[in-house]
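**Q** First, the structure itself, so that you have it in front of you.
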Amino acid sequence: MTPMALLALVAAVVACCLVVALVVRLPISGRAISPFSTRQNIRNIIVSQREARDSVNNKEGPSVAATALQEEAVERSAENRLTIRKKLRFAQLPNVPPYAFSLAQIFVSLVMFLITSMFFDSVLQIIALLSGAVFMNWLLNRRINRRFERFDADYPQFLLAFVGMLKTGLNPIQGLQAAAEGLEEGSLVREEVQMMLERLRMGVSEERSIGSFGEDIYHPEIELFVQALILSRRVGGNLSATIDRLSKQVRRRQFFRRSANAAVGLQRGSIWFILGILMALEGYLYFVWPECVTITWTHPTGRSVAQAGLTGIVIGLFWIRQVTKLRV
């Protein structure tokens, strides 16, 4: 075995271990997610909350507490940039540090580069160096989108049920609990509501408990729902009418998103169908006329032309993927 092949084998094993760790959510940082750690985090929030309240009351008065809440809200609204750390949290990989994710990208790129260096020329080798970032980002975005779809499947129904509970005379907390209990077991919306109610029962302040609703889900309407609840608790107002308008917006966005995905899916399916036909023709030519395929990859001119065509296919697939990537 050549040194290059041995290096490729070692890099492939390391890359596979990192990818498997990201997929099955192994605790790379040494800490695993458990109900005990979640409850311990809630207790830590309670302790810090009480210490902050006592220090503010003893030193500077209630006006400073209001200022601190306003600054916290401003900081939360200002953090709109989607970083790798946030993506890992949205993908339910909070124990994976960003540097481990970057190392996985580097190792995948290294493996692909070593493999392509054995069979292809410099152009495809350069493209292989970018494959790690593309593949790992695709894997991460896929986990985020699957969690988004789980939440979005029950979110409009939950909002409508919540509006109905408010109109029957229940207070918002009771309405949230009753609306969540109407969802199926295993629903992500129900789990988030139950976690919020658990925080309230353990003594976390109402604003922080409501503000943590859906904090690890990348959904555009969650923040609107959270702000509507918080403002209604602060200044009052017709909460049922606000949530009703929000539910209509959520259903409208859901309809547009599904329509757009259906329209784009036809084009994507056509492209993959054409590629399948091309591969089938290539295989048929190899069995019927082997020299037609082998000479293409052995002759210098044919090799250059074949690799140029393969490069164009790879770039075209990536470009079409970027063009058809919709976020409604």
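Throughout, read-outs are computed from the coordinates displayed, never taken from laboratory work. Only a predicted model underlies this, so the values are computations on that prediction, with no experimental measurement involved. Glycine also receives a Cβ, built like all others from the backbone with ideal geometry; neighbour counts cover every protein chain displayed.
**Q** For the stretch 226-267, what is the Kirkwood hydrodynamic radius in Å, using each pair of distinct C-alpha atoms? Each step should come with its number before you reach the end.
**A** On the way: mean 1/r = 0.0825 Å⁻¹.
After inverting the mean inverse Cα-Cα distance, the result is 12.1 Å.
**Q** To continue, here is another question. Could you work out the pair-distance distribution P(r) of the stretch 214-319 from its alpha-carbon pairs, with 5 angstrom bin width and percents rounded to whole numbers?
**A** Per 5 Å bin, starting at 0, the Cα pair percentages come out as 2, 9, 11, 12, 10, 7, 6, 6, 6, 6, 6, 5, 4, 3, 2, 1.
**Q** Between Tyr284 and Met118, what's the calculated FRET efficiency when r is the beta-carbon distance and R0 is 35 Å? Round to 0.05. Write down the numbers at each step before the final one.
**A** Numbers: r = 26 Å, r/R0 = 0.76.
It comes to 0.85.
**Q** I would also like to ask the following. With a ≥ b ≥ c taken as the square roots of the eigenvalues of the C-alpha gyration tensor of the stretch 150-225, please select rounded if a/c is under 1.5 and otherwise prolate if a/b is larger than b/c or oblate if it is not?
**A** rounded
**Q** Now for a separate question. When the Karplus curve 6.51 cos²θ - 1.76 cosθ + 1.60 is applied with θ = phi - 60°, which whole-Hz ³J(HN,Hα) does each residue of the stretch 231-246 get, with x for Gly and Pro?
**A** Couplings: 5, 5, 6, 7, 10, x, x, 8, 5, 5, 5, 5, 5, 5, 5, 5 Hz.
**Q** Give me the number: length gained by fully extending Arg201 to Ala308, i.e. 0.36 nm times residue separation minus the C-alpha to C-alpha distance, one decimal in nm.
**A** 32.2 nm
**Q** What do the square roots of 5 times the Cα gyration tensor eigenvalues come to for the stretch 174-274, in whole Å, largest first, as semi-axes of the equivalent ellipsoid? Please report the intermediate quantities before stating the final value.
**A** Numbers: eigenvalues 223, 56, 29 Å².
The equivalent ellipsoid of the stretch 174-274 has semi-axes of 33, 17, 12 Å.
**Q** Hey, can you rank 104-112, 227-235, 88-96, 304-312 by average C-beta count inside 10 Å, highest first?
**A** Highest to lowest by the protection proxy: 104-112, 88-96, 227-235, 304-312.
**Q** If I stretch the segment between Leu139 and Val264 completely, what's the gain in nm (0.36 nm per residue apart, minus their alpha carbon distance), one decimal?
**A** Working: separation 125, 0.36 × 125 = 45.00 nm, distance 2.04 nm.
Contour length minus the Cα-Cα distance gives 43.0 nm.
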